[in-house]
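I have placed the structure first, in the form of structure tokens, so that the comments after it can refer back to it.
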Amino acid sequence: MSSSLSVQFLSPPLSSALPCCKQTRLAAATTPLAPVSTNVEAARLEPRVEERDGYWVLKEKFRGGINVQEKVKIQKEPMKLFMENGIEELAKTSFEELEKSKDSKDDIDVRLKWLGLFHRRKNHYGRFMMRLKLPNGVTTSAQTKYLASVIRKYGEDGCADVTTRQNWQIRGVVLPDVPEILKGLAEVGLTSLQSGMDNVRNPVGNPLAGIDPEEIVDTRPYTNLLSQYITANSLGNPTVTNLPRKWNVCVVGSHDLFEHPHINDLAYMPATKDGRFGFNLLVGGFFSPKRCAEAVPLDAWVSADDVIPLCKAVLEAYRDLGTRGNRQKTRMMWLIDELGIEGFRAEVAKRMPFQELERASSEDLVQKQWERRDYVGVHPQKQEGLSYVGLHIPVGRLQADDMDELAHVADKYGTGELRLTVEQNIIIPNVENSKLEALLKEPLLKNRFSPVPSILMRGLVACTGNQFCGQAIIETKARALKVTEEVERHVAVTRPVRMHWTGCPNTCAQVQVADIGFMGCMARDENGKPCEGADVFLGGRIGSDSHLGDVYKKSVPCKDLVPLVVDILVKHFGAVPREREEGED
């Protein structure tokens, strides 16, 4: 790899208020670390892919037993739909014609995901969800207005979601409109490229980057560079588009670990070494229906200059050596398990510019003992006279008018910037303190997106659910709101409780990191009849003491969730029944 990818940064000032401590170990005690070493035959380390005509393809000798998705990639390179403008011809063809051929059917159901387009065949036939890249969750009023203009034309089918990877998803898109939408995205500085299937997902960073009085490092330069590298500045980067599975990356910038490093395939943890600023590395965190694993230390440190070369080396090791059979066993942690952590580390090192990788630093800058802050509400910025205002977006769902109003408020009271968070909320930064009173009186903040939501509502996260997603077993967003409202009528909660709802075992809403999680399933009611239900999880943690939650009760009918949640809140979270509370008053 060329050393030209080594990106120069100015090392951030290290405040004396941020004492160094030993490296934070995020792997849960119940989650074993990847084996230190295994006996791997040299033949196993032969790359399974090769470059052909600018694209990376699986070698013929490794095509036995591959999964269906790998076969689709071999039959036709998905990136050609973008890089060779295949989308233009596809968009001109009627859906009826496309459905007649397996190849074009695979285009609309699989290959278009490389362009960030997801066909909702089961519950939204002929309509697509489009996922945007939004490094660090930073967006502008102009971008927000453009996305609002796209979804408005689709009426009831059009809406937008803030995702758990700090980006936008818009819904209702029809195929004939896609070429024009892609051009519009480029004009406002957005892209949807490489945001689905076997690609790198949106790089996550501190939502308070650059404005946080307590931040360790501004993560925006790093997440921007990661996104630019991954997509080749939105032109398409086929060197990293044929991974064995999806892959997540984050850069940690605060002690709060808002970025959730323990559930990312690669997490950059700020640390100094011999007076140089850089990052210790965690690898392998992921969720899937069959296995959830927390990231483990790679025992490696890179300088700030080598953020991109390191990412490239890790991705190439995964691309070259990852298995491509059972999709449930193709995430990067399975490769780490097979090679051992030292074996995997050696493969990363040999792909670095000088085939070297320094050992981890003991000078971790993330404080172990840190009470995670709440960014919802009004908070002072590091810039004198300015504040940021965190708004609660109920389960992350917005309509076109909501987005236009948000853009208007950001322009009127801030600098036109908005920050999206992994908890599906939105922050308006750079508000002059003299304008705060007027901002808080805005109808949008009074009626829709409150800066002072209830304790339970502020920690509520929900995936798309079966309203749009064909894989979801239950409806999530409306049900999450309804159940929470009913629970709040029964108990008073005095401390934050994070409740996450996911419609299926793919756990897009990350129920395993919630205090209380709900995973959609089919259950049976009191008469033995099938009904929508949920497996209930308990005890997930985020922050410095992170660990994954466990199943508390399986197959609970959705209609029985309210009394169960009330009981959990009273027994485990100190909630007080409202009848008793009123009687005592």
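The values are calculated or read from the model by the stated rules, or taken from the named source; none is laboratory data. Everything numeric here is computed off the predicted structure, so don't read it as measured data. Quick reminder, even Gly has a Cβ in these numbers, built from the backbone with ideal geometry, and neighbours come from all protein chains shown. SASA here: full protein model, heavy atoms, side chains in, ligands and nucleic acids out. Shrake-Rupley method; radii C 1.70, N 1.55, O 1.52, S 1.80 Å.
Miscellaneous remarks
- Filtering region 134-146 to residues that are open to solvent by less than 20 Å² (accessible area, probe 1.4 Å) and in contact with a helix residue (DSSP H, G or I) (Cβ under 6 Å, 6 or more places away or on another chain) leaves Asn136, Ser141, Thr144.
- Single residue of region 147-159 satisfying the filter (in contact (Cβ under 8 Å) with a residue 40 or more places away in the chain and surrounded by fewer than 24 Cβ atoms within 10 Å (Cβ to Cβ)) that is nearest to the chain's Cα centre (by Cα): Cys159
- Condition check for Thr164: at pLDDT below 95, under 22 Å from the mean Cα position of the chain (by Cα) and among the polar types (S, T, N, Q): yes
- Within region 267-293, residues that are open to solvent by 10 Å² or more (accessible area, probe 1.4 Å) reach partners that are part of a strand (DSSP E or B) with beta carbons closer than 6 Å, at six or more positions or on different chains, in the pairs Lys273/Trp301; Arg276/Ser303.
- Odd one out for Val511 among (1) open to solvent by 10 Å² or more (accessible area, probe 1.4 Å); (2) closer than 23 Å to Ala293 by Cβ: (1)
- Strands (runs of 3 or more DSSP E) wholly inside region 256-319 that include at least 3 residues being touching a Ser or Thr at 6+ places or on another chain (Cβ under 7 Å): 266-273, 276-283
- Filtered residue count, region 516-544, keeping only those that are over 19 Å from Lys477 (Cα atoms), of a type outside the set (Gly, Ala, Ser) and in contact with a Lys or Arg (Cβ under 8 Å, 6 or more places away or on another chain): 3
- Applying a threshold of 9 Å to beta carbon distances and a minimum spacing of six or more residues, or different chains, the list of pairs starting in region 489-507 at a residue that is more than 28 Å from Pro289 (Cα to Cα) and not assigned by the TED database to the domain that holds Gln471 and ending at one that is at pLDDT 90 or above and crowded, with 17+ Cβ neighbours inside 10 Å is empty.
- Candidates Gly325, Gly340, filtered to the one that is under 25 Å from the mean Cα position of the chain (by Cα), surrounded by fewer than 18 Cβ atoms within 10 Å (Cβ to Cβ) and at pLDDT 95 or above: Gly325
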